[in-house]
Amino acid sequence: MKWCIFFVSAVFIIGIAYLFPNNLVFATLIDSHDSAVVDRQYIDDVQVSEQNLINSVDIFSNTLQFTLPPNWQLAFSSSEKSMTTSEFISNQSSLGKWSEMICVQGFKRMGRHASPDVFFNEVVSAYKRNCQGELIYQPLGDTQFGEQAAYHALLGCSSLPDLHQSTADHVSLKTQLRGEMGYFAVVSLDDDLMMLHKSIRGVGFSSQSVPLTKANYLNFIAHLKPKILLSNHE
């Protein structure tokens, strides 16, 4: 997912209409106007911090703060009328070749039409259509993202093309089938929805050798420490 791998690019989801079991485990990781203009950016030369860096991503009228691992950078951003995308990768990676990615996406007014779990069911359906190997889906259930309702799950495929928004747009980048597995959280922001996703991509795997499971995913996302700064919608 450049991390955003969104593993399944939001483009597929929007075409359809488009963080932990039912407890507060996720609470341990967090601190308690439409525009038709499309703004896309590929970042080729970014100053990268050697220490963990608190990053902010605007999601329409709200803001998500989270912590990037050391030596990570914003590699791609896109702002459209109904969707925003930000993708982060290691400074040793590229949009055409990455092993880990963090992706943040916002979906304007989608919360009026779908709850986080219903929305993610559509994500799974789109993901399944693009999976050319074995689909791995491990629901983690409803949770709370601060005070916001959320749904989270583990989703992956043993053989998948790179479906990230930036790769799809950047025609010069060639994709290869590789194994991919990610943690997804869909969060209700009242009228809007946000998807936070962290993925790993590499050699193929099977259902017997899944690299990300219920037993180890907390360590995988522990550094994120996400926090939503809410604003009233206009």
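The table below gives the values:
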{"read-out": "Pair list, Cβ under 8 Å, 6 or more apart: the range 92-112 residue at positive phi, other residue outside any strand (DSSP E or B) and surrounded by fewer than 24 Cβ atoms within 10 Å (Cβ to Cβ)", "value": "ARG109/SER82; ARG109/ASP191"}
{"read-out": "For ASN91: the one exception among (1) surrounded by fewer than 20 Cβ atoms within 10 Å (Cβ to Cβ); (2) under 20 Å from VAL186 (Cβ atoms); (3) of a type in the set (S, T, N, Q)", "value": "(2)"}
{"read-out": "Test: residue in the range 172-179 that is at pLDDT 90 or above, touching a strand residue (DSSP E or B) at 6+ places or on another chain (Cβ under 8 Å), not in a loop (DSSP other than H, G, I, E, B) and not β-branched (Val, Ile, Thr)", "value": "yes"}
{"read-out": "Among residues of the range 96-131, those that are among the hydroxyl-bearing types (Ser, Thr, Tyr) and either more than 23 Å from ASP142 (Cβ to Cβ) or surrounded by 24 or more Cβ atoms within 10 Å (Cβ to Cβ) (or both), counted", "value": "2"}
{"read-out": "Some residue of the range 81-101 being modelled with pLDDT of 50 or more, closer than 19 Å to LEU193 by Cβ and outside any strand (DSSP E or B)", "value": "yes"}
{"read-out": "Options VAL104, VAL118, VAL187; residue that is β-branched (Val, Ile, Thr), at pLDDT 95 or above and part of a helix (DSSP H, G or I)", "value": "VAL118"}
{"read-out": "Matching option when the condition is in contact with a Gly (Cβ under 8 Å, 6 or more places away or on another chain) and either more than 25 Å from VAL203 (Cβ to Cβ) or assigned to a strand (DSSP E or B) (or both), among LEU140, LEU64, LEU154, LEU74", "value": "LEU154"}
{"read-out": "Cβ pairs under 7 Å, 6+ apart, first in the range 136-148 and modelled with pLDDT under 90, second in a strand (DSSP E or B)", "value": "PHE145/ALA185; PHE145/VAL187; PHE145/ILE228; GLY146/LYS227; GLY146/ILE228"}
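Here's the yes/no breakdown for (1) at pLDDT 75 or above; (2) over 12 Å from PHE88 (Cα atoms); (3) surrounded by 15 or more Cβ atoms within 10 Å (Cβ to Cβ); (4) of a type in the set (A, V, I, L, M):
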| residue | (1), (2), (3), (4) |
| --- | --- |
| ASP34 | no, yes, no, no |
| GLN41 | no, yes, no, no |
| ASP45 | no, yes, no, no |
| GLN51 | no, yes, no, no |
| ILE54 | yes, yes, no, yes |
| PHE60 | yes, yes, yes, no |
| GLN65 | yes, yes, yes, no |
| TRP72 | yes, no, yes, no |
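The values are calculated or read from the model by the stated rules, or taken from the named source; none is laboratory data. Remember, it's a predicted structure, so these values are computed and weren't measured experimentally. Here the Cβ is made from the backbone with ideal geometry for all residues, glycine too, and neighbour counts use every protein chain on show.
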